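Since every read-out is calculated from the coordinates, none of them should be taken as a lab result. Being a predicted model, the structure only gives us computed values, none of them experimental. Don't worry about glycine lacking a Cβ; one is built from the backbone with ideal geometry, like all the others, and counts go over all protein chains shown.
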């Protein structure tokens with residue numbers, strides 16, 4: 001009898017332990033409410049937690065704020081653009097000398113939903129050669145859904161490695177080379193995103209500007225609109241180690257020297273582009289598939305069927 005009671009107590013202890021752990025994994029942290037600021041919530045959060053941000057403007061101060069695997073930062077039950085994060089100096093003369101947010105953990109994605117970044121311009125500091133992004137990704141996976149960036153300076157997201165998803169996001173009135181995303185990871189997916197009103201900056205003594213710089217890895221651009229940007233030197237930059245597959249994307253009405261510089265490979269299916277404005281260099285390759293309208297075809301442009309291109313990745 002004593003042995004049965006002991007076994008029952010041990011089982012009850014394990015049950016309580018798992019119940020507490022499961023309850024902790026589903027914690028919702030309210031800002032404000034449980035904590036006063038978004039950085040406090042991000043430091044506190046653990047995998048499985050949801051940070052619920054109230055409508056309004058939230059000041060963000062500091063550097064190196066962790067974005068942890070499995071955490072979700074969201075503005076729920078609110079209109080698009082209702083939750084705004086504003087970069088705020090820590091004192092007089094403060095400028096962004098390091099990334100504000102860092103993603104390094106492998107595991108489940110860190111996720112942002114319906115968050116707006118506005119007036120992130122503190123990277124306009126005394127040393128123009130230093131370009132510290134808003135978000136630095138050095139591993140793991142980060143996902144953005146219905147997020148937007150308005151009035152930014154230099155880079156928004158910089159990937160050293162890892163992977164990323166941008167779904168129904170907007171980048172407007174940014175300035176940089178690139179103004180939005182610099183990717184050097186494994187896989188980048190952009191779906192139904194918009195890029196508008198982004199321009200160039202002074203870079204190494206020259207006016208240079210682009211929207212997305214693909215340094216390595218595989219990227220897909222599906223249903224995205226890159227319109228009415230400029231002046232820019234290039235809209236897209238695709239380095240030798242990078243590969244882009246575009247599907248029903250539109251690059252039009254941009255004031256740019258080149259729509260793209262291609263040293264890697266680009267496969268564009270049903271995309272509104274002008275191949276004559278795609279600067280294919282070195283051993284780069286541009287494949288135009290089912291162009292939606294008659295366009296001028298430049299040298300180094302190969303026409304192929306969509307099934308032929310998809311077969312490359314099977």
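Applying a 10 Å radius around every beta-carbon, put 98-110, 217-229 in order of their mean neighbour count, most first.
Output ranking for 98-110, 217-229: 217-229, 98-110.
Quick one: if you stick a label point 7 Å off each Cα along the C-beta vector at residue 59 and residue 28, how many nm between them?
It is 2.8 nm.
Residues of region 204-240 with backbone nitrogen within less than 14 Å of a virtual label 7 Å along the Cα-to-Cβ line of residue 283, please, listed as ranges.
Of the residues in region 204-240, 240 have backbone N under 14 Å from the label point off residue 283.
Work out the P(r) tail for region 57-131: percent of alpha carbon pairs separated by more than 20 Å, whole number. Don't skip to the answer; put the middle values down first.
Details: 1151 of 2775 pairs.
When every Cα pair of region 57-131 is considered, 41 percent fall beyond 20 Å.
Could you state, as a whole-number percent, how many of the C-alpha pairs of region 132-283 are farther apart than 24 Å? Show your work: numbers first, answer last.
Working: 2371 of 11476 pairs.
For region 132-283, the share of Cα pairs beyond 24 Å comes to 21 percent.
Would you mind calculating the gained length between residue 86 and residue 160 on full extension (0.36 nm times residue separation, minus the Cα-Cα distance), in nm to one decimal?
Here the answer is 24.2 nm.
With the contact rule set at Cα under 8 Å and sequence spacing of 6 or more, what percent relative contact order holds for region 127-196?
33 percent
Which whole-number percentage describes the relative contact order of region 185-296, with Cα contacts under 8 Å and a sequence gap of 6 or more? Display every interim value, and only then the final one.
Values: 313 pairs, mean separation 23.9, N = 112.
Answer for region 185-296 is 21 percent.
What is the distance in Å between the Cα centres of region 126-167 and region 95-117?
Cα centres, region 126-167 to region 95-117: 8 Å.
For the ranges 115-127, 233-245, what's the packing order if you count other beta-carbon atoms within 10 Å of each residue, average per peptide, and put the highest first?
Values: 115-127: 17.3, 233-245: 21.9.
Those peptides, ordered most packed to least, come out 233-245, 115-127.
Just the number, please: Stokes-Einstein D of region 80-207 in µm²/s, Kirkwood Rh from C-alpha pairs, 4 °C, 1.567 mPa s.
It diffuses with D of about 87 µm²/s by this estimate.
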